[in-house]
Structure formats: C-alpha cells, structure tokens
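Structure first, commentary second.
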Amino acid sequence: MRESSNPILRGMTRGNQQPAGVPQQGYPQGYNQQGFNQAAGFGMGAAGAAQGMQYGQPQAPYETTTGGRTMTVDDVVTKTAATLGVLIVFAAASYFLVGANPGLATPLTIVGAIGGLVLVLIGTFGRKMDNPAIVLSYAAFEGLFVGSISYVFANWVIADGINAGAFLSQAILGTFGVFIGMLVVYKTGAIRVTPRFTRMMFGMLIGAMVLALGNLVIGLFSGGAGPLRDGSTLAIIFSLVMIGIAAFSFLLDFDQADQLIRAGAPAKAAWGVAFGLTITLVWLYVEILRLLSYFYSND
C-alpha cells in the first residue's frame, strides 16, 4: 500500500501493508509520529516527513477487526463534513471576537495553533487518530486559528478599500475549488498515484518544510517576514509552489482513503481520514490567503 503525504492518513495505513498472499484482516491501530509545524507554518499540515524514508521497510503489526460495520465513502463524507462544520463555527466566532476586540487576535492565533499541534501529537502518540473527541477538538482549535488569521489578513494586511468579505470569499472559493478539482483529477485517473509519484511528493514536502522553517528563523533574526513571506516575487513563487504541493497532496490522501475502504477498515477510521483532510484543507486555505494578500497588500 502506498504512503500518503498527509501525516494522519499515512499513520493510519502503515499497519495495512502485508506480505503477498495474505488477505487483509482489518484496520491498523499503530500510528507513527510525523512532524507537524502548525505554529511556524500557519497550517502546514502535510509537512510531516520524518518517516518518509521508510519505504520498503517492515511495518508494525496490525490488529484485526473483530466485527462491526466497515468504513464507506459515506462515512468519510459525513465525518469530514462534521469536522469542517465545527471548524467553521469556531472560525466565525473567532473572527467576530477579534473584530469586537482586536487585542484577541494574537492570543487566539497562538492558542489555536498550539492547541491544534498538541492534539495532533496526542492523537499520534496516543494512537487516537480515529477518536472523534480528538478530531473535533482539533477542529475547534483550528477554527480559532483560522478565524483570527483570516481577520488579520482581511482587515490589517490588505490595502484600505478592499472589501474583507470579498477577499475572504476568494480564498474560500479557491480552497474548495482546488479540493474539488483534485478530486475530479483523482477519480478520472488523469494523474495516477504511483510509488514514484509518492516519493516525489515526499521530496517536495521535505524541501518545502525545510525552506519554510529556514525562512522562519531568518524572519526571527531580521525582524521581518523573511524573503519567502515578504510579498516579493520570490515570496509569490514560493506560495504558488506550496499551494501546488498541498493540492497534489490531496491525490495521495484520496488514494489512502480508498485503500482503507478496500481493506475493510472499521467505520470509525473515517474520523482519521477527516482529520487528515482537514489539516491539508487548512494548510491550503492559509497559503491561498497569504498569496492573495500579496496582491492586495498595503505595502
């Protein structure tokens, strides 16, 4: 079975790899730790690549499913919708709270980012990726982060006279447009998810993570946003690359969801799929938001 670029989905499927001739017996319960720099990357959910070089190595044993309904596409859709619903509610609340009290922008952003990171780590180390409480709590924290960051970009970063609602609508439509577009690409088989494609994606993810963290360090020492986030031509190119990587990550994630369904994973595994897709969606949204801000900036 192929690896996913998404740390959540990749952890879910490790245990499903079995020797040839051995039938699939169920859903793996062992998750491997993957990196996730939420605070530094403003939602860089697919950046985990610490285990990416383990192709072909023996995987952890899996546990068999002892009854119960198996996962379906409907489970993935409903769980993802529920997760995104919680995120949207908390994002809207965060947005209006910051609007009423601008001083809340920084604390809500930090609390949301750190809270999301902590829950990802708890889910990873505690092997609770399919725990709905963990997933929905993550969505709530991420909603605080998304709402406050959206307010900052739409009201403080872009130039005066630009409608905040129209600005955010472009980012939202762009995010779901990319998501739907990549789903169509996957379903039509226009781009096939192969082991070589997966390895290429891992290489790009590692490179993107290193560049983003390096830029963060430069920004901390220089007192600015860093050359990859300062709105320059280089920054625009970097954002386009990040958006592209996030978009192609969906192909790997869709493939892993298919693999889980075919393997007969239990219905609760859909929460882990929703977890992973939400991480990538948030990363993509913030990257699109950032890219648009370069064109509408006050600078």
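The values are calculated or read from the model by the stated rules, or taken from the named source; none is laboratory data. Note that the structure is a prediction, hence the values are computed from the model and not measured. With ideal geometry, Cβ positions are generated from the backbone for all residues, glycine too; neighbour counts draw on all protein chains shown. We work out accessible area using only protein heavy atoms, side chains counted, and drop any ligands, DNA or RNA first. Shrake-Rupley method; radii C 1.70, N 1.55, O 1.52, S 1.80 Å.
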Item checked: Conditions (1) at pLDDT below 90; (2) among the acidic types (Asp, Glu); (3) open to solvent by 10 Å² or more (accessible area, probe 1.4 Å); number of the one not met by ASP258 -> (1)
Check: Assuming ARG229 fulfils every condition listed in (1) outside any loop (DSSP other than H, G, I, E, B); (2) open to solvent by 20 Å² or more (accessible area, probe 1.4 Å) apart from one, which condition is it?
Finding: (1)
Notebook entry, point to check: Is it true that LEU284 is within 23 Å of ILE162 (Cβ to Cβ), open to solvent by less than 10 Å² (accessible area, probe 1.4 Å) and not β-branched (Val, Ile, Thr)?
Noted result: yes
Notebook entry, point to check: Residues in the stretch 276-299 that are out of contact with any Phe, Trp or Tyr (no Cβ under 7 Å at 6 or more places or on another chain) and either over 19 Å from PHE238 (Cα atoms) or among the polar types (S, T, N, Q) (or both): how many?
Noted result: 6
Checklist line | Only one of VAL210, VAL152 that is in contact with a helix residue (DSSP H, G or I) (Cβ under 6 Å, 6 or more places away or on another chain) and either open to solvent by less than 40 Å² (accessible area, probe 1.4 Å) or not basic (Lys, Arg) (or both) | finding: VAL152
Margin query: Being open to solvent by 40 Å² or more (accessible area, probe 1.4 Å), in a helix (DSSP H, G or I) and in contact (Cβ under 8 Å) with a residue 24 or more places away in the chain narrows it down to one residue among LEU144, LEU173, LEU136; which is it?
Written below: LEU136
Check: In the stretch 103-133, which residues are open to solvent by 10 Å² or more (accessible area, probe 1.4 Å), of a type in the set (S, T, N, Q) and part of a helix (DSSP H, G or I)?
Finding: THR106, THR109
Next item on the list: Can you tell me which residue within the stretch 187-205, out of those that are open to solvent by less than 50 Å² (accessible area, probe 1.4 Å) and part of a loop (DSSP other than H, G, I, E, B), is farthest from ALA257 (Cα to Cα)?
Entry: GLY189
Check: Quick one: which of ILE245, ILE180 is part of a helix (DSSP H, G or I), among the β-branched types (Val, Ile, Thr), under 20 Å from LEU289 (Cβ atoms) and open to solvent by less than 40 Å² (accessible area, probe 1.4 Å)?
Finding: ILE245
Margin query: Consider the stretch 213-226. How many of its residues are among the small types (Gly, Ala, Ser) and surrounded by 13 or more Cβ atoms within 10 Å (Cβ to Cβ)?
Written below: 4
